[in-house]
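Presented below is the structure to which this report refers.
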Amino acid sequence: MKARFLLFGGAGVLLLFLSVGMSLSLGSAELPLTQVWGILLHKLPGIGTLITVQWPESAEQIVMKVRFPRVLLAVLVGACLSLAGAGFQGILRNPLADPYTLGVASGSAIGAATLILFGWQFSLLGQWSVPLAAFTTGLISLWLVIRLAHSQGKIHIETLILSGVVAQAFLGSIVSFLVSLSDQVVNEIVFWLMGSLAFRGWSFSVVLLPCLLLGLIILMGYGRTLNLFALGERQAAHLGVQVDRTKLVVLTVSTLLTAVAVSVSGIIGFVGLVVPHLVRLMAGPDYRLLLPMSALYGGIYVLWADTLARTLLSPTEIPLGVVTAFLGTPFFAYLLRKKQRAGKEGEA
Amino acid sequence: MIRVVDVWKSYNGKSVLQDIAFEVKPGEFFGIIGPNGSGKSTLLKLLSAVEAADRGQIWLRGKQAEAHQRKDLAAWLAVLQQEPLPSIGFSVREVVEMGRFPYQSWLGTERGDSAPLIDGILQTLGLTELQHRTLEKLSGGEKQRVGLAKVMAQEPELLLLDEPTTFLDIGYQIQLMDTVHRWQRAEQATVVAVLHDLNLASLYCDRILLLDKGRQIGVGKPGELLREDLIYEVYGIRPIILDHPFHHLPQMLLRSAKDS
């Protein structure tokens, strides 16, 4: 377990650094990797003075003002969504659960969209207003979806996904209605809803980072408990797990992570589905490993998705949600088939 | 050990258990039998404190069931469920180690080293060779043994078995019951088992509780309960009851209608 932690953790951190460097150098103005690293190291206290400035001022502007905030945000959003996906999957014991398929992302979007539409983004709690509104509506929609899927004390995999679809359609119609009410901000909202990390600046990372750290610490505290959950709720209870409290905490934290991500980036689907599954394939089913690695590799995944989104058709931006859906839906279909086949064998 | 006082339970207005009262003494092998829908499994859920009774009390270890902390209870009471463990990618050893959860701090550490205990249990159940395989690669009987190893790792004083032989063939059934019986003797533990098979119940149980439609028909030694009149009253059949030539316990032979 420790060896695997170091192996996948070390590889992940290395990959993350390489990806950040490459992503910073890619764009309408290509910057050499050495320049990018020079600029980054220069900004570090202590080592900064050791590095001689060998780049034009414009390069530093591009890296520090334009690309780096966006890269950081992509990593944080990806980490939040993947971690949330792993949390939902742990509690619902369902590999198809993810902030998007459960309708929690759409639910969170309602709260966020409402504030943005009425221009209340910064009222009440400053930049925490939108995430908080998103969290509230996200929790409500999660509760509704689970209530809808619940029958005779059990949640079936198909009904859960169907309930998610129902919720998404319903909540989506509310968002569309809200959007149609206002004609000034439509473009901004529509683009945000499709998922985008453009023009966000540093301030959002300030909201995301503490939430991610908090979520990571709490969820990792439940790592062993989620392992027992995988055996079934009753088995977990017999082994000494407080089932209801675990469900409440993990679902709430996962919803919080979803809400903060959505309030920054809009709806980015399937990240929480693809990443934990890939991590599970590589590192095994142990949640003590799965949770932190999902966060790490989720960051890398969304970073690359966003890099594709901004460079592929540059100067035109592809919405990030489009990229992740394009990559994620085939994966979703594959998992669904696999689950069906497993279900049939189980019956026979 | 266990004291059940006038317990009633119903689901959605439908009564499942009515006025159940009995005691289980330390070191006993106690059986719960009865036809389908007689409330056996519900009674076991109440005894394991995952559900609460509507009326009446269940005393476990001198305390009411609801008053126990889940984790403290798990270090004292273990449950072997009827359903085989789901295949979730963990290895045999990892699953057995999950039985140590009640003894671990929130960081996952234990006061002593549990590795020798786990090794011993794997050895006893013949799982040593399989310990690094994942559950996916095991047969039904092997999985049931892993389940048993996991509850043994809990080191409980009281073990509840919920129809543990349901998915096993006759060879594995006897093997499982023998293993549980040996373990019980060695650990001086108490066992409460819901059993379908009356002959198995007669062979292994010191005392038996017979349930029918949620009512308690009687509690007593196998010889007192496996009587033709009681079996007819509860199951609606008239079996031939013989004395086991070796164990001197009642065993039933079924009678079919085809030659009468």
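With +1 on the Cβ of every Lys and Arg and -1 on the Cβ of every Asp and Glu, and nothing else charged, how large is the dipole of the protein assembly as shown about its Cα centre, in debye rounded to the nearest 20? All intermediate terms of the calculation are to be shown ahead of the outcome.
Details: 51 positive and 47 negative charges, 92 e Å.
Around 440 debye, computed over the protein assembly as shown.
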Relative contact order, percent, of chain B when contacts are C-alpha pairs under 8 Å separated by at least 6 residues?
-> 25
Once Lys and Arg get +1 and Asp and Glu get -1 on their Cβ, which of A:Ser28, A:Val253, A:Ser129 lies farthest toward the positive end of the dipole of chain A?
-> A:Val253
What is the mean number of Cβ atoms from other protein chains located within 10 Å of the Cβ atom of each residue in peptide B:79-86, rounded to a whole number?
-> 3
Tally Lys and Arg at +1 and Asp and Glu at -1 over the other residues with C-beta under 10 Å from the C-beta of B:Arg207: what net charge comes out?
-> -2
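Which entries in B:Lys40/B:Lys143; B:Lys9/B:Lys45; A:Lys154/B:Lys45; B:Lys71/B:Lys150; B:Lys9/B:Lys213; B:Lys40/B:Lys221 show an alpha-carbon gap greater than 21 Å? Provide the component values of the computation, followed by the final result.
Details: B:Lys40/B:Lys143 24 Å; B:Lys9/B:Lys45 11 Å; A:Lys154/B:Lys45 16 Å; B:Lys71/B:Lys150 15 Å; B:Lys9/B:Lys213 12 Å; B:Lys40/B:Lys221 18 Å.
Pairs exceeding 21 Å: B:Lys40/B:Lys143.
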In region A:241-263, what residues drop by 10 Å² or more in accessible surface going from the chain by itself to the full protein assembly, probe 1.4 Å?
-> A:Val241, A:Gln242
Row for region A:1-157, column shape: gyration tensor on C-alpha, a ≥ b ≥ c, rounded if a/c < 1.5 i.e. under 1.5, prolate if a/b over b/c, else oblate; value oblate
B:Gly218 long-range amide H proximity, modeled H, under 5 Å | B:Leu210
Ranked from highest to lowest mean number of other Cβ atoms within 10 Å per residue, what is the order of the peptides B:153-166, A:267-280, A:314-327, B:41-54?
-> A:267-280, B:153-166, B:41-54, A:314-327
Whole-Hz ³J(HN,Hα) from phi, Karplus 6.51 cos²θ - 1.76 cosθ + 1.60, for region B:236-253, glycine and proline x | x, 10, 10, x, 8, 10, 10, 8, 5, x, 9, 8, 6, 10, x, 10, 9, 10
Selected from B:Gln216, B:Phe29, A:Leu102, residue furthest toward positive end of dipole (the protein assembly as shown; charges at beta carbon) | A:Leu102
Quick one: check the C-alpha center-to-center distance for region B:1-55 versus region A:82-107, whole angstrom.
-> 37
Only counting protein heavy atoms at a 1.4 Å probe, give the residues of region A:201-231, ordered by number, whose accessible area falls by 20 Å² or more when the other protein chains are present relative to the chain alone.
-> A:Gly221, A:Arg224, A:Asn227, A:Leu228, A:Ala230, A:Leu231
Scattering curve values for region A:73-342, log₁₀ I(q)/I(0), Debye with Cα scatterers, q = 0.10, 0.14 Å⁻¹ = -0.46, -0.91
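Please report the relative contact order for chain A, taking Cα pairs under 8 Å with a sequence separation of at least 6, and give it as a percent rounded to a whole number.
With pairs under 8 Å counted, the relative contact order is 29 percent.
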Rounded to a whole number, the mean other protein chain Cβ count within 10 angstrom for residues of A:96-102 is 0
For the protein assembly as shown, what is the accessible area per residue in Å², given a 1.4 Å probe and the full set of protein chains?
-> 46
Indicate the gyration tensor shape class of chain B (rounded, prolate or oblate), computed on the Cα atoms with a ≥ b ≥ c the square roots of the eigenvalues: a/c under 1.5 is rounded; otherwise a/b larger than b/c is prolate and the rest oblate.
-> oblate
Rounded to the nearest 100 Å², what's the accessible area chains B and A bury against each other, both chains counted, probe 1.4 Å?
-> 2100
Scoring region B:89-152 by relative contact order with C-alpha pairs under 8 Å, at least six apart, yields a percentage of 55
Based on the alpha-carbon gyration tensor of region A:206-266 and its eigenvalue square roots a ≥ b ≥ c, which shape applies: rounded if a/c is under 1.5, prolate if not and a/b is larger than b/c, or oblate?
-> prolate
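Round to a whole number: what % of the accessible area of chain B belongs to carbon and sulfur, probe 1.4 Å?
Details: 6170 of 12440 Å².
Here carbon and sulfur together make up 50 percent of the probe-accessible area.
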Once the in-chain neighbours fewer than 8 apart are removed, the lysines whose Cα is under 21 Å from A:Lys43 read A:Lys65
Proximal aspartates and glutamates relative to B:Lys63, as straight alpha-carbon distance under 18 Å, when same-chain residues fewer than 8 apart are discounted = B:Asp6, B:Glu23, B:Glu51, B:Asp54, B:Asp72, B:Glu157
Of all DSSP beta bridges having both residues in the protein assembly as shown, the percent classed as antiparallel (nearest 5) is 60
Note: A:284-295 gets an average of partner chain Cβ contacts (10 Å, Cβ to Cβ) equal to 1
Straight-line reach from A:Lys2: which aspartates and glutamates have Cα under 20 Å away, leaving out those fewer than 8 places along the same chain?
-> A:Asp286, B:Glu94, B:Glu97, B:Glu110, B:Asp113
Ranked packing of A:124-133, B:93-102, most packed first, by mean Cβ within 10 Å | B:93-102, A:124-133
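The values are calculated or read from the model by the stated rules, or taken from the named source; none is laboratory data. Keep in mind that this is a model prediction, so the values were computed, not measured. When we count neighbours, we look across all protein chains shown, and the Cβ atoms used for this are built from the backbone with ideal geometry, even at glycine. Accessible surface areas use protein heavy atoms only, side chains included; no ligands, DNA or RNA. Shrake-Rupley method; radii C 1.70, N 1.55, O 1.52, S 1.80 Å.
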